[in-house]
Amino acid sequence: SEKDAVCSAESLINQAYKWGHKAIAITDHGVVQAYPAAAGAVKAIRKSGGDFKLIYGMEGYFVDDSAINIAEANARQIKRYHQIILVKNQVGLKNLYKLISKGHLDYYFKTPRIPKTELTQLREGLIVGSACEAGELFAAILAGAPWDELKQIASFYDYLEIQPLG
């Protein structure tokens, strides 16, 4: 994310390409500010004869719809979780833009939030990951949730991330 990274999208892409990687995912926090710069860097690689793929994505702030309905009067009580949303195709890119718009216009409170029903309705063309220690699954594991609950939470995601607490 341009706003919380220590290096630019261009430098990340160029370094990944120099290391021989074939692709990189760009996942801004709640926005897509790095996309133009990232696309420009990939275009420059291709223009020079290189082959490289950019995977568009976003680290979103996911909320349970029931929490929004119950806590509308006191939005501070709504638990939000991180999740990674990656784009598979043009339909997915359009759906990601819709989710970002809805998060900023309809469900914003300190961060652009994405309710589960909105994500479910606009999931075509997207790959959804469980994210970091701020993700729903990781939080449930740390809270000691029962196995059946963990399996139910995990079933919502297309892939699961396993990261160290540090």
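Yes or no, residue by residue, for (1) touching a Ser or Thr at 6+ places or on another chain (Cβ under 7 Å); (2) on the phi > 0 side of the Ramachandran plot; (3) among the β-branched types (V, I, T):
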site	(1), (2), (3)
H104	no, no, no
P112	no, no, no
T120	no, no, yes
V128	no, no, yes
A134	no, no, no
L142	no, no, no
E149	no, no, no
Q152	no, no, no
Y157	yes, no, no
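The criterion of being closer than 30 Å to A39 by Cα, open to solvent by 50 Å² or more (accessible area, probe 1.4 Å) and at pLDDT 95 or above does not hold for L86. If only residues of segment 12-31 that are open to solvent by 50 Å² or more (accessible area, probe 1.4 Å) and in a helix (DSSP H, G or I) are counted, the one that is farthest from G103 (Cα to Cα) is K18.
Criterion applied to V32, V42 was being at pLDDT below 95 and either under 24 Å from D158 (Cα atoms) or of a type in the set (A, V, I, L, M, F, W, C) (or both), and the one residue passing it is V32.
Summed over segment 111-149, residues that are in a loop (DSSP other than H, G, I, E, B) and surrounded by 13 or more Cβ atoms within 10 Å (Cβ to Cβ) total 10. Among the residues of segment 32-55, those identified as open to solvent by 30 Å² or more (accessible area, probe 1.4 Å) and either assigned to a loop (DSSP other than H, G, I, E, B) or farther than 27 Å from H104 by Cα (or both) are V32, Q33, K43, A44, R46, K47, S48, G49, D51, K53. Only one entry in Y97, Y108, Y81 is crowded, with 19+ Cβ neighbours inside 10 Å and either over 20 Å from T27 (Cα atoms) or aromatic (F, W, Y) (or both), namely Y81. I153 satisfies every condition listed in (1) part of a helix (DSSP H, G or I); (2) out of contact with any helix residue (DSSP H, G or I) (no Cβ under 7 Å at 6 or more places or on another chain); (3) open to solvent by less than 20 Å² (accessible area, probe 1.4 Å) except (2).
The values are calculated or read from the model by the stated rules, or taken from the named source; none is laboratory data. In this text the structure is predicted, and so the values were computed from the model without any measurement. Counting neighbours? That spans all protein chains shown, and the Cβs are built from the backbone with ideal geometry, glycine included. Side chains are part of the model used for accessible areas, which takes the heavy atoms of the whole protein and leaves out ligands, DNA and RNA. Shrake-Rupley method; radii C 1.70, N 1.55, O 1.52, S 1.80 Å.
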